[in-house]
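Worksheet: one structure, shown below.
The values are calculated or read from the model by the stated rules, or taken from the named source; none is laboratory data. Note that the coordinates shown come from a computational prediction; the quantities given were computed from them, not determined experimentally. A quick note on method: Cβ atoms are made from the backbone with ideal geometry, for glycine too, and the neighbour counts reach across all protein chains shown.
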Amino acid sequence: MTSDALPSHAAAAYPLGGRRSYAVWLTAVAVYFLAIFHRSSLGVAGLVAAERFHISASQLSTFTVLQLLVYAAMQIPVGVLLDRFGPQRLIFAGAVLMTAAQLGFAFTGTYAGALVARIFVGMGDAMVFISVLRIIASWFPPMRNPMITAFTAMIGQCGALVAAIPLSRALASYGWTPTFVVSASVGVVLGLLTLLVVRDVPPGAPPSRSVKDVRSIGHDLRLAWQDPGTRLGLWSHFTCQFAANVMGLLWGYPFFVHAEHRSETEAGALLSLLVAVFIVGGPLIGGYISRHPWQRSTVVLGIVAAMALTWAVVLLLPGDAPLWLLVVLVVVTGAGGPGSMIGFDVARTFAPASRLGSASGIVNVGGFVASLLTIFAIGVVLDVVTPGSSNHYSAEAYRLAMSVQYVGWVVGAVQVWRFRYHARVHLSDTQPEHLRDISGLEEFPVPRPERDEARRRWTRGPRG
């Protein structure tokens, strides 16, 4: 979780965090809610899409892969556009793109047309989240930024909750086209509200827009990438996030139905639980790392180890896993979603304000690249093991395909361990006063003895 804090002299010039601040934030968050809904919709509609477009598992996975690829590829350009045009324009542009794309997805009857639609969904989605973070930074005092960001993630994930059961029932009751037309129409309303309510900064505040030449942008990106703290954040995001995305965006529903032989209602409930874990886990993990910031990478590695162990039990267990074990699997996997936010907190600590946007964009690429690679690899393995339509894959094929996740966990954990060491060495060689305060210690009501201990360990080089 990260934000670009306003300079202190600017923050003192006008009141922050009032009623208007919440109105602006809630409007922006509503667009983020819609973006998560659109992003997650294919996770429930995947089997219907396979029948509608007559496609295989690898072709079905291409929908989500392309959407995530576009999202990941857009992160750094969107950061540049955000500095140039401001968050209001980018949020509005994101709403327009997602609305048009969902309308196209509703009416197209071809695989190629559906692919184009999902590409534009990814483009619109990519513009929203970091724009909302900029709204938070501009409209709220720094001490509230981490908690408002946590609530942003919570509200946004409710979009996935709506996509889990209500969308599946709407598809069954009303069909493909009416369901997606209605979901697209919400974007029209939210786009108009964005124009009417959202502003880049409060009245009287300095404008947030700035223009950088290509050379300056390249210089900032290079310095951000060279910082071991940025790469620690990148690999933390990479390692924690992708399993939750794999489960929630595409393969969780088919895995529960076809590999574990659960009913569609039970599968939808498990995906709803996944979203609930996102919602509850964010404040819990965020609160813990705010009190123990020197243990951030330890938390990441602990979450990854728990995911790997739980998946091993489920995949190696003869026959179907009991429902309670699938619940544990969903809870542990879901913890990776809020756990991946640690990567942004690491970037906020290490990067100076002038490069924080670039560093955050780099971090945000990690989890989505891992997600799209894993989602695509699972589809390929399913097609290789059991050629045919996505409705005929065996439980054994699904178990083998889901084992692909271990590649990402092993590679990511090794890199987290590696850059955790390099980041500690870097901090030991850097004057602490030149770095951003660790995990917002000035912004949280941390007990003084614990805060002093954090600063002492921070000075001698904490473990990421």
Could you figure out which of (1) more than 30 Å from P283 (Cβ to Cβ); (2) out of contact with any helix residue (DSSP H, G or I) (no Cβ under 6 Å at 6 or more places or on another chain); (3) at pLDDT 90 or above isn't true of Q88?
(1)
Checking the structure you have, find out if any residue of segment 228-239 is outside the structural domain of A72 (by TED's automatic domain parsing) and under 30 Å from T386 (Cα atoms).
yes
Against the definition (among the small types (G, A, S) and without any contact (Cβ under 8 Å) to a residue 40 or more places away in the chain), how does A170 come out, yes or no?
yes
Over segment 253-299, the set of residues in contact with a helix residue (DSSP H, G or I) (Cβ under 6 Å, 6 or more places away or on another chain), in contact (Cβ under 8 Å) with a residue 40 or more places away in the chain and among the small types (G, A, S) is A259, G268, S272, G281, G282, G286, S290, S297
I need a count of the residues in segment 50-71 that are surrounded by fewer than 22 Cβ atoms within 10 Å (Cβ to Cβ) and more than 23 Å from V365 (Cβ to Cβ).
9
Does A50 meet the test of being more than 18 Å from the chain's Cα centre (by Cα), aliphatic (A, V, I, L, M), modelled with pLDDT of 75 or more and closer than 22 Å to G268 by Cα?
yes
Among the residues of segment 4-35, count how many are within 17 Å of L90 (Cβ to Cβ) and either at pLDDT 90 or above or over 22 Å from the mean Cα position of the chain (by Cα) (or both).
11
Considering each residue of segment 243-266, count those that are surrounded by fewer than 24 Cβ atoms within 10 Å (Cβ to Cβ) and at pLDDT 85 or above, and give that number.
10
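Go through segment 171-211 and give me each residue that's among the hydroxyl-bearing types (S, T, Y), more than 22 Å from L26 (Cβ to Cβ) and surrounded by fewer than 16 Cβ atoms within 10 Å (Cβ to Cβ).
Filtering segment 171-211 down to residues among the hydroxyl-bearing types (S, T, Y) leaves 173-174, 177, 179, 183, 185, 194, 208, 210.
Those still in the list that are more than 22 Å from L26 (Cβ to Cβ) too: 173-174, 177, 179, 210.
If the condition is that a residue be among the hydroxyl-bearing types (S, T, Y), more than 22 Å from L26 (Cβ to Cβ) and surrounded by fewer than 16 Cβ atoms within 10 Å (Cβ to Cβ), then S173, Y174, T177, S210 are the ones that fit.
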I'd like the full set of residues that are crowded, with 19+ Cβ neighbours inside 10 Å and either assigned by TED's automatic domain parsing to the domain that holds I362 or of a type in the set (K, R) (or both), limited to segment 72-92.
R89
If you go through segment 281-300 one residue at a time, do you hit one that is surrounded by fewer than 24 Cβ atoms within 10 Å (Cβ to Cβ), under 17 Å from V246 (Cβ atoms) and touching a Phe, Trp or Tyr at 6+ places or on another chain (Cβ under 8 Å)?
no
